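First the structure, in the form of structure tokens, and then the observations on it.
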């Protein structure tokens, strides 16, 4: 089976966030933790962008999100990230964006994650912390010391990855 995704270390697409669809509490909590790990993996690397409401397979389809519940979901995402991660500053910007698909306007979310000065751990159900780092189109669990060493040249929270992303889009797409 061919994988038609072209996500990189800098961006990812999701049709929806899984925990928005889950009702069972234990599965819901696991899905929320996994989402926070995904966000932290970007921040622990170069930063990046997650776009919600667009399929991750090529050809991409703009699915859109339910506008009626979006304002509450935006607030809840910010609270979730702050509660589950070890970083005290805001390092995530979440914005609604309007995209047209066959002249029909749809609402999606863009989640922009800054590269942070320090490593970010994500609180697990057992009270421990896990450290993820974005590697290619996915992430892996790493020792926090590895992330600390990679952060020695990061002097401020930044969105420098936008330059790399712009170059990638210009040259690859």
### Query
Say we join alpha carbon atoms closer than 10 Å with springs in a Gaussian network model of the chain; which of 113, 22, 94 then has the biggest fluctuation?
22
### Query
Roughly what % of Cα-Cα distances in segment 1-151 sit above 18 Å, to the whole percent?
58
### Potential extension, residue 154-residue 70 segment - 0.36 nm per residue separation minus Cα distance
26.9 nm
## Note on the structure
When the chain is treated as a Gaussian network with springs between alpha carbons less than 10 Å apart, the largest mean-square fluctuation among 125, 24, 145 is found at 24
### Normalised contact order of segment 72-129, rounded percent, pairs of Cα under 8 Å and 6 or more residues apart
33
### Peptide ranges 50-57, 39-46, 146-153 listed from the most packed, as the mean C-beta count within 10 angstrom indicates
39-46, 50-57, 146-153
### Two-site FRET efficiency, residue 100 against residue 28, from Cβ-Cβ distance with R₀ of 45 Å, rounded to 0.05
0.85
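Read the figures in this text as sums done on the coordinates, not as results from a lab. Worth saying up front: this structure is predicted, and the values here are computed from it rather than measured. Every residue, glycine among them, receives a Cβ derived from its backbone with ideal geometry; neighbour counts consider all protein chains shown.
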